[in-house]
Structures are given as C-alpha cells and as structure tokens.
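Reading through the structure tokens given below for one structure.
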Amino acid sequence: MEVAQGLCGRGALVTGAGKGIGRAVAVALNRAGARVTALSQTKADLDSLEQECPGIQTLCVDLGDWEATEATLNTVGAVYLLVNNAAVALLQPFLEVTKEAFDRSFDVNLRAALHVSQIVARQMIARGVPGAIVNVSSQASQRALQDHTVYCATKCALDMLTKTMALELGPHQIRVNSVNPTVVMTDMGRLNWTEPQKVAAMTSRIPLGKFAEVDDVVNSILFLLSNQSAMTTGAMLPVDGGFLAC
C-alpha cells in the first residue's frame, strides 16, 4: 500500500482506540505492519480489539488522570508514530456550560494530547530518532457550532498546540500535524445523525454534500504519519468535503 511507506515495523501509539476513528486507525496501522499500542479507558473495547487484531498491545487508562497516564505510558516500548485521538464531546448551550464539562473537556481534548505528546516526544529525542504525531481535531476548531462552545474551544486550542509542537519539535525531526474532519459516520455518528432535517442542515453547508466515512479520516492520518508527507508539519488537514472553504 503506497500510503503506508515508513509505517511497517515502527512503534505506534493510538489514544481513544476503543471505538470509532481511533480503533480504525489502530487496525489500519496494524495491517500496515506497525507495532501498535492501543489506549482506551474502556476495557471491554480493548478486549474486543485484541480479539479482532491479536497483534495489538492494549493499555487501559483514563487520560484525564495525569499521574496514571505517565505511569502507564512509561511501560510502552519505543514509539515513533503517535495519534492523539482521545476526546469527549459534552455538548451544552453556552449559558448552561458547567465547570465539570469545561474541565473534563479540556483535560481530555487538550491537556491529554499535550501530556502524551510530551512523554512520547521526550523518548524520541532521547533515542535520537525522527517521528510523526497526528492530533485529531475537528472542523469545529474553525467554525462555531450550536451547543458546541467548549468542544469548539478545545479543538481550536488543539490546532494551535499542533502548530507550536511543530515549531519546537521540528529541529528534532518530529513532525506534528492535525486532521480536521466534519461529521464522521462512525457507529456513534450514524446514531446521532439520523434526523433528516438535521442532516440536511449540515450537509447543505458541505460542497460535496455528504459526511465523511471513517476511512476518509484514517487514510488522511496514515498519510500524515507516512514518509509521503515527509515535508509536512504544522498543517491542519481538513477532511470535511469543503465545509471550511465556504
């Protein structure tokens, strides 16, 4: 597979790998020959992933817990490829945003990405090896969406984190990029977007007139991890059918 250049045999860590995009990325990296470690806070999801792909190592930890995350990731072998996919979407109207939703959202969507990246990047630098990091952001980082106040804020912050990481890690030959999808047809996405009026209101703003499939996002992530994007860092790659172009 052409897009998989540079993935075979390399250690890869995927967070939020129990379901949806993260799980699909972990499976795709495994099939591309990478040595995959899949991280999730839901053990049942990890158990089913191990059954699906016995070669994948799994780790169960809540990334909102700084100390537990550090202790767990110190048990992982050499990582060259990192996908920060773990996220929560706690949707509330602006006037009803709670401290609990705000803190949990920033803990998982932003702080965890920073922390995990720090741990992995320090290990890369200590080994003197190049690497690639992909943060899974969203079109919500650049467009205001109803009831998405905190989610939009976390993803906007994640995009800037991506840029500053690219700036500071570039001299160590560690590339950092993000993917910014529209609504993705994961199992959860299909459940949440069944109402025809709601779907039409969103797809009418997408020039291609449709939502993204999981493979659309996975293929973009694999590209950014691979040698085919060797000169790309600090980029936000829309996977949105043109939503952000309008």
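Computed from the coordinates by the stated procedures, all read-outs in this text should not be read as laboratory data. Please read all numbers here as calculations on a predicted model, not as lab measurements. Backbone-built Cβ (ideal geometry, glycine too); neighbour counts: all protein chains shown.
Just for the Cα atoms in segment 75-163, what are the lengths along the principal axes, largest first, rounded to whole Å?
48, 24, 14
What distance in nm separates the two pseudo spin-label positions at Ile125 and Asp215, each 7 Å out from Cα along the beta-carbon direction?
4.0 nm
What is the fewest-to-most order of Ser141, Ser178, Ser204 by other Cβ atoms lying within 10 Å of their Cβ?
Ser204, Ser141, Ser178
Among the lysines, select those whose C-alpha is under 16 Å from the C-alpha of Lys155, and discard any that sit fewer than 8 residues away in the same chain.
Hits, sequence-local ones excluded: Lys163.
Per Stokes-Einstein, at 4 °C and 1.567 mPa s, what whole-number D in µm² s⁻¹ belongs to segment 153-207, with the Kirkwood radius over Cα pairs as the hydrodynamic radius?
The diffusion coefficient I find is 94 µm²/s.
Taking every pair of Cα atoms in the chain, average 1/r, invert it to obtain the Kirkwood radius, and report Rg/Rh to two decimals.
Ratio of gyration radius to Kirkwood radius: 0.95.
Based solely on C-alpha atoms, express the radius of gyration and the Dmax of segment 7-72 in angstrom.
11.2, 32
With a 10 Å Cβ neighbour count serving as the proxy for reagent exposure, in which order, fewest first, do Val27, Val120 appear?
Ranking Val27, Val120 by Cβ neighbours within 10 Å, fewest first, gives Val27, Val120.
So for Asp216, Asp187, fewest C-beta neighbours within 10 Å to most, what's the order?
Asp187, Asp216
Indicate the gyration tensor shape class of segment 121-215 (rounded, prolate or oblate), computed on the Cα atoms with a ≥ b ≥ c the square roots of the eigenvalues: a/c under 1.5 is rounded; otherwise a/b larger than b/c is prolate and the rest oblate.
Prolate, since a/c reaches 1.5 and a/b exceeds b/c.
Under the Karplus relation 6.51 cos²θ - 1.76 cosθ + 1.60, θ = phi - 60°, what is the ordered set of whole-Hz ³J(HN,Hα) values for segment 146-163, x standing for Gly and Pro?
4, 6, 10, 3, 6, 4, 4, 5, 5, 6, 4, 5, 5, 4, 5, 4, 4, 5
Run a plain Debye calculation on segment 1-139 (Cα atoms as equal point scatterers, no solvent) and give log10 I(q)/I(0) at q = 0.15, 0.20, 0.21, 0.22 Å⁻¹, rounded to two decimals, same order as the q list.
Summing over Cα pairs of segment 1-139 leads to -0.72, -1.20, -1.30, -1.40.
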